[in-house]
Amino acid sequence: MNDMLAMGRQVLEMQNFSRLLGTELTAYSPEGVELRLPMRAELLQQNDFAHGGVVSYLADNALTFAGGSRLGLAVLTAEYKINYLRPGVGTALVARAQVVYAGKTLATCRCDVFSVLEDGSEKLCATAQGTIAKVGG
């Protein structure tokens, strides 16, 4: 496992909410990040789709990890926008994010969230873009 992925997993482990949900960091490099969230009943809304807040959390966290790959560990989401394209269903959600542009203190990132179906295929369920800000001096 590369050093960046190991460091990212340590950061994810420090996020109490991410641990509660069961999020896994499966890839982390300057080229991009991948977060995986196994689906379970507690993460679904009344129609058995992934709750919008769960999909949004996953996109937000992936965007922030992507920005952090360029700006350093001390980063926060300054803003983001998400488009829900279809319901999140299946065995897991996977978010893949990358940096579009990074300056000294801000990074613009984009993320796609996919439903992983029973057969292992993926369907795009949401797309997001956000600005990640370096905090501190």
| request: Return the total of residues in region 72-90 being surrounded by fewer than 21 Cβ atoms within 10 Å (Cβ to Cβ) and either among the hydrophobic types (A, V, I, L, M, F, W, C) or assigned to a strand (DSSP E or B) (or both). | output: 13
| message | Could you check region 96-137 and list, in sequence order, the residues that are more than 21 Å from Thr77 (Cα to Cα) and surrounded by fewer than 19 Cβ atoms within 10 Å (Cβ to Cβ)? | response | Leu117, Glu118, Asp119, Gly120, Ser121, Glu122, Lys123, Leu124
| request: All but one of (1) outside any helix (DSSP H, G or I); (2) at pLDDT 95 or above hold for Met1, so report the exception by its number. | output: (2)
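The values are calculated or read from the model by the stated rules, or taken from the named source; none is laboratory data. Quick caveat: nothing in here was measured; it's all calculated off a predicted structure. Note: ideal-geometry Cβ built from the backbone for every residue, glycine included; neighbour counts use all protein chains shown.
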